[in-house]
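Structure first, commentary second.
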Amino acid sequence: MSVKPIKMPSATKDSTILKIAVEMLNAPDKVPQLIEFDQSQPLSSIIQLLCKPWGLPDPDNYALQFSESNNQNYITEKNRNEIKNGSVLRLEQSPAKTVQDILAKINSGNEIDQTATLAKLSTLSSDLTFALEFINKKGLSLIIHNIESGKFKGDSLKFALITFVELMDHGNISWDILENPFINKVASFVSNQTNTQDPKIIQACLSILENIVLNSSGKNLHVEKEITIPNLISHLQNPYQDSIIQQNAIALINAIFSKADLNKRRAIAATLSSKQVRNVIYENLIGACEFSKNVTKEALGTELAHQLYVLQTLTLGLLEPKMRQRADSQEQESQEKIKELRKIAFDIDNNSLEVTTRHHINNSMKDYKKLGFKCEIDPIKDFNEIPPGILALDCMLYFARNYSEDYRKIVLENSRAVEHECPFGKTSVELVKLLCDILHIGEPPSEQGQTYHPLFFTHDHPFEELFCICIALLNKTWKEMRATSEDFMKVLSVVREQINRALSASPKGFDKFRQRINQLTYAEITQIWQQERTNREVWESHARPIVELKEKITPEIIDLIQQQRLGVLVGGTRFKKYSSRGQRIKDKFWFVRLSPNHKVLHYGDCDEKSTPSLEELGNKLAVSDIKCVVVGKDCPHMKDLRGRKVTPHLAFSLILKSAEESLDFVAPDEQIFDYWTDGINALLKEKMSSRSFENDLETLLSMDIKVRLLDAEGIDIPQDPPQIPEEPDDYDFYYDNN
């Protein structure tokens, strides 16, 4: 039955009194009640008053629930402040009574009743109040036992697995409680390709195995025994084209990858970089979105894009040991690699490399000079700097072996001209160092990262291939700039810009990358820089007239920025959901927006793509109830960061005036973090202090001053204003009209 929202009470009423409606589902004989809900009265007393007109015995067996589509949680003393005027609540059986009935039907009900009960349980388990009651009554143990023993089949199994995931997501139970038989059973649903499984079962099992690997103590080794990487790759080709299965499969691969030792990580990377596996990843996840303008966010979804970013980061991270390893003059392998570089460059046969006469030693020194090494006597010393360490030597040898003609051409061209030579050895070391910095090699994956490069999934040696293209680009740019050795760092800054801009276009392969980067000539980069400089130029003059003008218009600009920030808050933002312990809850989002009158924050759960209206957001927080905003590690949900990969610099919390309560956020990026913290500070009449605020203030001041000084264009503004002459003795001026 439906109940129309009731009118708001007048402002003269006590603020603790709310007018609400209460109904009972599946009870047509129970007429909904319109009551005055007193927030100062215990919930048990209110429930007792509701039960009396409906003739319900034993009020202890009943509880109130929210009835919104995105919020059907039980109402407790902790969340009762979320009730608002005009709400329609539901009177239901209490969590304790519901748990009792559910456990009875699971233990003794027939198959149809059992499935219906488990379906209801999978929904109720997302409510923390119910979940705690169910766990305390040994319900979780029962679910685990029945899954492990194979008692649940078909839909019953599906709902049981979903229930298990929901119960564990609350973070109150350790993943160490799971024993190997349960892990074996869950893994069998993933690895068994002969029997067709419900997609929801596969989704849940992949999620469970990922959490076991990441959150248990040592049980990742058992998961590795039960699940192979090929098993997981096959789920990327799932016949349902289910993106949740795909992202959960990639997430489990990432989890196993991140927990494995170095040798296992290399073995996993070798499997993933094989042509067959690369084609599966590319065709099913990336290539299918080739015509999307925004692959990472729209076509793939934020979670899948994040998992691809993590996979890329972990794979490239295998280069870190070589990047951190200095070359050793006594180490034979590195010496042989340098000799091979010389041999390929100058077509020297093996016999001549073994000659040790003074004549040939002198020749080798000349050759090493032509190769562009800084230390001609012992080139191995060029690889003592870390980064890039011996990774640079490996990249140089890869280029020489696979692109011999291009390698010889670069070496010979730069060994002829002294003034404009681009030394291959020195530039290669610096280029590898630059690429390591651009790709953040050696850094752990970020919680918020979503930027991955499709071309890295198209080759079994992507970093080395990138180096080969970029070393040719560096030589081309060097010539375009007519650079000399003194211009070395200038050339590198241009090359960095070329690489960053080419990668930002998300080329689908190395051919596309090569085509794009060759279009970004030095002249093109110079033009882009000039245009950007014009767009963002900040007035750098320190002349007193300009300084005084800045001081005069600064309050107006601050007010303008404040309006923009509040506009962002009114428009609202979607945030990823985190538990009270600071752990991200996968695929769960919530939306927060400010009311147009800037007095109330409305928030509630949402999906990945929706933008709920104010009316659809069931929870609210009055701005007047906010004490202050805290950021980073000062946030309540970021207090304990041990053993967790989180992004504390994007976290902020609204501390409420009521004791020990807060509303906790983790922003998707730095801009949203800045906008929200600025906006909240503006609402609280505090100073905005973010980096974005400082940048916006500078930019807008510069633009405003330029507009105001358009009439003075071409006129030199003096550092100090002209001196005012002394007043005359009188003002009897003589005027001659002839």
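The values are calculated or read from the model by the stated rules, or taken from the named source; none is laboratory data. Please read all numbers here as calculations on a predicted model, not as lab measurements. A quick note on method: Cβ atoms are made from the backbone with ideal geometry, for glycine too, and the neighbour counts reach across all protein chains shown. Please note that ligands, DNA and RNA were not included when accessible areas were found on the heavy atoms of the full protein model with its side chains. Shrake-Rupley method; radii C 1.70, N 1.55, O 1.52, S 1.80 Å.
Structural remarks
- Per residue accessible area in Å² of the chain, where ligands, DNA and RNA are left out and the probe is 1.4 Å: 52
- Computed from the Cβ-Cβ distance with R0 of 51 Å, the FRET efficiency linking T123 to Q563 stands at 0.75.
- Among the helices of the chain, those built from whole DSSP H runs whose Cα atoms reach 30 Å or more along their own axis and whose mean Kyte-Doolittle hydropathy is at least -0.5 are 544-571.
- Of R574, R324, R482, the residue with the largest accessible area leads and the full order is R482, R324, R574 (1.4 Å probe).
- Bridging of K322 to lysines at a Cα separation below 21 Å is possible for K259, K264, K337, K339, K374, K381, K426, K433, once same-chain residues fewer than 8 apart are set aside.
- Summed residue charge, Cβ within 10 Å of L121's Cβ, Lys/Arg positive, Asp/Glu negative: +1
- Estimated purely from DSSP H runs of n ≥ 4, each contributing -39500 (n - 2.57), the mean residue ellipticity at 222 nm for the chain is -15500 deg cm²/dmol once divided by its residues.
- Two-site label geometry, T194 and I724: point separation in nm, points 7 Å out along Cα→Cβ: 10.0
- Amide H to amide H distances under 5 Å link L89 with A21, V22, E23, where only residues 5 or more positions off or on other chains count and H is placed in the peptide plane.
- Here the relative contact order of the chain, from alpha carbon pairs under 8 Å that lie six or more residues apart, stands at 7 percent.
- Extension gain, E694 to S234: 0.36 nm times the residue separation minus the Cα-Cα distance gives 160.6 nm.
- Label-point separation in nm, S44 to L25, each point 7 Å along Cα→Cβ: 2.7
- Proximal lysines to K508, defined as alpha-carbon separation beneath 19 angstrom and excluding residues fewer than eight positions away on the same chain: K275, K293, K297
- For the cross-link pairs K369/K490; K577/K599; K151/K200; K599/K706; K19/K657, the ones whose C-alpha atoms lie over 29 Å apart are K599/K706.
- Tensor-based shape of the chain (alpha-carbon gyration tensor, a/c under 1.5 rounded, otherwise prolate or oblate): oblate
- Full extension of the chain segment joining I377 with A116 gains 86.0 nm, where the gain is 0.36 nm per residue of separation less the Cα-Cα distance.
- Distance between the range 238-279 and the range 373-451 - C-alpha centres, whole angstrom: 30
- Net charge over other residues, Cβ less than 15 angstrom from the Cβ of A96 (K, R count +1; D, E count -1): -3
- Computed label-point distance, nm, for sites D625 and N107 using a 7 Å Cα→Cβ extension: 4.0
- Solvent-accessible area of the chain (1.4 angstrom probe, protein heavy atoms only): carbon and sulfur portion equals 49 percent.
- If you look at the Cα atoms of the range 576-691, you get an Rg and a Dmax of 13.9, 42 Å.
- The listed residues V666, V629 rank as V629, V666 when sorted by accessible area, largest first, using a 1.4 Å probe.
- Estimated at 0.36 nm per residue, the fully extended path between N402 and V570 surpasses their Cα-Cα distance by 54.8 nm.
- Rounded to the nearest 0.05, the FRET efficiency derived from the C-beta distance between K137 and E283 at R0 = 45 Å is 0.40.
- Qualifying trypsin sites (Lys or Arg not before Pro) for the range 184-293 [loop in DSSP, other Cβ within 10 Å: at most 11]: K293
- In the complete set of protein chains, residue-level accessible area for Y74 is approximately 10 Å², probe 1.4 angstrom.
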